[in-house]
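Report on the structure given below.
Derivation of every value follows stated rules applied to the coordinates shown; laboratory data play no part. Everything quoted here is computed from the prediction, not taken from an experiment. Quick reminder, even Gly has a Cβ in these numbers, built from the backbone with ideal geometry, and neighbours come from all protein chains shown.
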Amino acid sequence: MGNDNLNSAKTARKDEFYTQLSDIEKELRHYRKHFEGKTVLCNCDDPFESAFFKYFVLNFNRLGLKKLIATCYSGSSIANKQLTLFDLFGGGEREKTTNKPYKAIVTTVYDKTGDGSVDMLDVAELFKSGENELTELKGNGDFRSPECVELLDEADIVATNPPFSLFREFVALLVQRQKNFVIIGSLNAIKYKEIFPLFMKNEMWLGYGFTRGDAYFHIPVKNVREFANGVYNPENGLVHFRNCAWFTNLDISRRHEEMILVKRYEPAVYPKYVNYDAIEVPKIADIPCDYAGLMGVPITFMDRYNPDQFEIVGMNWTVLADAELSDDIREHHNVARRLNFYLPIPDGHGNDYSRMYDRIVIRNRNPEAPKEG
Ligand SMILES: C[S@@+](CC[C@H](N)C(=O)[O-])C[C@H]1O[C@@H](n2cnc3c(N)ncnc32)[C@H](O)[C@@H]1O
């Protein structure tokens with residue numbers, strides 16, 4: 001018994017936290033027009049636990065969805081612990097013999113109550129009606145497994161909060177299969193060398209997101225000890241993560257909002273880097289309206305990026321050529337591949353230069369004419 005608990009705690013990985021329905025609602029109301037007639041896949045989502053699944057069931061008719069597919073992963077610490085397929089369908093002796101992940105396919109949702117509410121019981125109802133399907137998967141529900149990739153191929157839009165630790169792989173697969181997506185990840189992912197080029201090529205951008213990146217997720221009670229003090233609030237069962245964002249390739253109006261630029265370029269205010277032909281702009285609000293050359297801006301720029309207004313030219317931590325790196329160096333590629341930008345500011349000891357950190361290099365597509373004189 002004690003060992004069981006210990007093992008459960010060990011397998012309850014740090015990827016195991018669950019998005020709140022209210023956060024999904026807040027984000028997805030900006031994407032409504034994209035869902036009509038579409039098949040949506042939630043491929044890291046236990047239908048009985050996932051608020052993504054609930055959101056799409058609740059809004060199935062309103063959005064005009066064609067189909068909703070959800071799969072769950074056997075590594076999930078809650079998979080099948082709440083209610084098994086056989087609990088649901090009254091499988092008698094077979095009840096305890098299965099612990100397999102399953103897939104849910106929904107094509108019809110009757111709004112019986114009229115109040116739009118769906119709870120555990122309603123989800124169970126959903127599969128009793130016969131039109132919808134809840135079946136076991138052959139494998140473990142890994143999003144990369146052939147049967148899950150087959151479901152991905154069938155889908156138009158993927159909506160989920162994937163395991164953060166597999167974010168690169170998750171996105172790579174979506175790109176490879178040319179899928180639309182709206183997913184949650186860490187803002188740090190922007191810096192990954194696999195992810196940043198997608199931002200540069202306008203194949204991915206940030207959604208509306210969480211207020212200042214602060215996000216609160218549910219976690220299974222047994223994971224509580226894995227978090228530092230103050231991160232978990234026992235009163236509401238939520239953990240606080242910073243730096244969370246929505247990543248998407250669905251068009252949203254935010255992406256077309258033009259940033260009003262109120263500052264003008266002055267060489268004394270905007271020094272050029274010593275080792276790179278760009279000016280340093282430490283705050284997004286200070287981007288000058290009349291500078292035509294390259295500018296180094298903080299990563300928070302991504303929140304305001306409008307591709308008609310700016311071009312993303314690069315970032316300083318992958319400016320270096322993609323040399324053949326060994327895996328362990330690749331792990332630390334921020335260190336191994338960073339081109340530090342230096343500013344021509346004496347550090348008080350002579351000719352040394354102060355060192356700049358992560359900067360995105362941008363160019364204004366339509367700079368205003370510089371002021372005369
Ligand atoms: C951050 S949690 C989010 C869960 C759910 N999508 C939500 O938003 O509430 C990530 C989920 O991915 C599952 N997972 C982990 N590795 C996976 C894999 N290789 N394939 C599919 N799902 C995986 C975990 O079990 C976990 O439930």
Taking the convex hull of the alpha carbon atoms in the stretch 147-287, what volume per residue do you get, in Å³? 183
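Pulled fully out, how much extra length does the chain show between ARG212 and ARG264, if you take 0.36 nm times their separation in residues and subtract their Cα-Cα distance?
On the way: separation 52, 0.36 × 52 = 18.72 nm, distance 2.74 nm.
Result for the pair: 16.0 nm of gain on full extension.
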For the stretch 134-192, give the magnitude of the charge dipole about the Cα centre (Cβ charges: +1 Lys/Arg, -1 Asp/Glu; no others), in debye to the nearest 20. 360
Placing each pseudo-label 7 Å from Cα in the direction of the beta carbon, ASN140 and THR107 end up separated by a distance in nanometres of 3.2
May I have the extent of the alpha carbons of the stretch 144-223 along their three principal axes, as whole Å values ordered from largest to smallest? 34, 33, 21
Where in the stretch 254-282 is the amide nitrogen less than 13 Å from a point lying 7 Å along the Cα-to-Cβ axis of ASN340? 274-275
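For ASP277 and SER74, what is the calculated FRET efficiency with R₀ set at 56 Å and r taken between the beta-carbons, to the nearest 0.05?
Details: r = 52 Å, r/R0 = 0.94.
Plugging the Cβ-Cβ distance into 1/(1 + (r/R0)^6) gives 0.60.
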Around ARG255, under 12 Å between beta carbons, what's the net of Lys plus Arg minus Asp minus Glu among the other residues? -3
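Packing-wise, with mean Cβ within 10 Å as the measure, how do 244-255, 21-32 rank, highest first?
The densest-packed peptide leads the list: 244-255, 21-32.
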At a Förster radius of 22 Å, what calculated FRET efficiency corresponds to the Cβ-Cβ distance of ASN243 and GLU194, to the nearest 0.05? 0.75
I need the P(r) histogram for the stretch 214-296: all alpha carbon pairs, bin width 10 Å from 0 out to the longest distance, whole percents. 14, 25, 19, 21, 17, 3
